[in-house]
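The values are calculated or read from the model by the stated rules, or taken from the named source; none is laboratory data. Just so it is clear, the structure is predicted and the values come from calculations on it, not from any experiment. Cβ placement follows ideal geometry from the backbone for every residue including glycine, while neighbour counts extend to all protein chains displayed.
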Amino acid sequence: MRLEVDGQVFSVAGRPERPGQYDYTWVSGRNPGYGFSSARSDAAPPTTAEHVAAIRGFLAQIDPETGYIG
């Protein structure tokens with residue numbers, strides 16, 4: 001799925017072989033392929049609100065000068 005959060009676009013993909021694990025690729029970021037992963041201990045799929053919260057947490061860590069976690 002694709003999500004736009006605070007003007008930034010992310011591709012979100014679950015790992016079929018690992019329920020509850022997701023990879024987030026920052027499509028609109030300046031560093032191609034950059035993003036993060038998350039996992040739930042209960043293997044439940046996150047809600048859209050939980051995906052958005054995870055993305056906002058990631059974006060809050062980004063150094064605006066480098067585009068990477070600072």
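Annotations for the structure displayed:
- Any hit, segment 6-13, residues being loosely packed, with under 10 Cβ neighbours inside 10 Å and either in contact with a strand residue (DSSP E or B) (Cβ under 7 Å, 6 or more places away or on another chain) or not β-branched (Val, Ile, Thr) (or both): yes
- Selection count where residues are surrounded by 15 or more Cβ atoms within 10 Å (Cβ to Cβ) and either at pLDDT 95 or above or among the aromatic types (Phe, Trp, Tyr) (or both), scope segment 14-27: 6
- Matching residues in segment 30-61 - criterion: being within 16 Å of Asp6 (Cα to Cα), touching a residue at least 12 places away in the same chain (Cβ under 8 Å) and out of contact with any helix residue (DSSP H, G or I) (no Cβ under 9 Å at 6 or more places or on another chain): Arg30, Thr48, His51, Val52, Ala54, Ile55, Arg56, Phe58, Leu59
- Selected residue (only one of Val27, Val9 is hydrophobic (A, V, I, L, M, F, W, C) and without any contact (Cβ under 8 Å) to a residue 24 or more places away in the chain): Val9
- Single residue of Arg56, Arg30 found to be charged (D, E, K, R), surrounded by fewer than 12 Cβ atoms within 10 Å (Cβ to Cβ) and not in a strand (DSSP E or B): Arg30
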